[in-house]
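Structure record follows, encoded as structure tokens.
Nothing in this text is a laboratory measurement; each read-out follows from the coordinates by a stated rule. Note that the structure is predicted; figures quoted are calculated from it, not measured. Cβ atoms come from the backbone with ideal geometry, glycine included; neighbour counts cover every protein chain shown.
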Amino acid sequence: MHDLIEEIQEENRWRDGELAIFKQNPQNVDTNLWNRICLPMIYAHWEGYVVNSLKLLIGHLNSLELSPDEVSTKLVVLGLDKSYSSLSGKQSFKQRIEFTNRFKELFQKALKFKKEIDTKSNLNSKVLEELCTIFDFNFDAFKDVKSDIDRVVTFRNRIAHGENSIIPESEAIEKYILSITAATDALLSEINDFISNENYRLKIA
């Protein structure tokens, strides 16, 4: 097992304990209220796990000091990130020359990936698929749980916006916890494959 995988597991181990607590309704707490409280927390652990794990992955990529010609175009775009912002609006010929020269310089240096994971504060299956596309993870690994992920996100949003009609049953809470746990396991497996097989490197036929 790669050291990165062990680090991700260690960094997120506490989440398992909290998710286990959500399955148990404490005494003297209304069941409906408890289940409503659990949903935003389940989502928070889901988003937190993904963001934390991908930040650790990016930190590992930065430590490798990869050059743009070593990695896939997707990772080049991720690494150059805000450098593309100067492309917006009308560009004079002089500005296009300056932009091209800056890019030529950037291509001579090791990529530095920013540790910013954009979940749009709404980490549903669509956003998850976008993240998988960036790192070439297999999105099909989440096919059995993506509908539950979307339900958790939808219910969390409705509760956050003050709707009081969401009354999930305890069985549903347990199902969502199992699905989120399966999704985090799938993500860890994809990261492991990505690192172990050096999928970040450009494959030359």
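Each of the peptides 8-15, 148-155 was scored by the mean count of other Cβ atoms within 10 Å over its residues; in descending order, highest first, they stand as 148-155, 8-15. The tail of the calculated P(r) for the chain beyond 24 Å holds 50 percent of all Cα-Cα pairs. How far is helix 93-106 tilted, in degrees, relative to the longest principal axis of the Cα atoms in the chain, given as a value from 0 to 90 rounded to the nearest 10? Computed tilt is about 70 degrees.
Using the rule -39500 (n - 2.57) for each DSSP H run of four or more residues, divided by the residues of the chain, the 222 nm mean residue ellipticity is -21500 deg cm²/dmol. Once the Cα atoms are used to define both axes, helix 125-135 deviates from the longest principal axis of the chain by about 30 degrees. When only the Cβ of Lys, Arg, Asp and Glu is charged (+1, +1, -1, -1), the dipole of the range 99-164 relative to its Cα centre reaches about 400 debye.
Sorting Ile42, Ile167, Ile159 by the number of Cβ atoms found within 10 Å of their own Cβ, with the fewest placed first, yields Ile167, Ile159, Ile42. Mind checking the angle between helix 31-64 and the chain's longest principal axis? C-alpha axes, 0 to 90 degrees, to the nearest 10. The helix 31-64 is inclined about 20 degrees to the chain.
When peptides 91-102, 111-122 are sorted by average Cβ neighbour count within 10 Å, with the highest value leading, the order is 111-122, 91-102.
When +1 charges are put on Lys and Arg Cβ atoms and -1 charges on Asp and Glu Cβ atoms, the dipole computed for the chain relative to its Cα centre reaches about 1140 debye.
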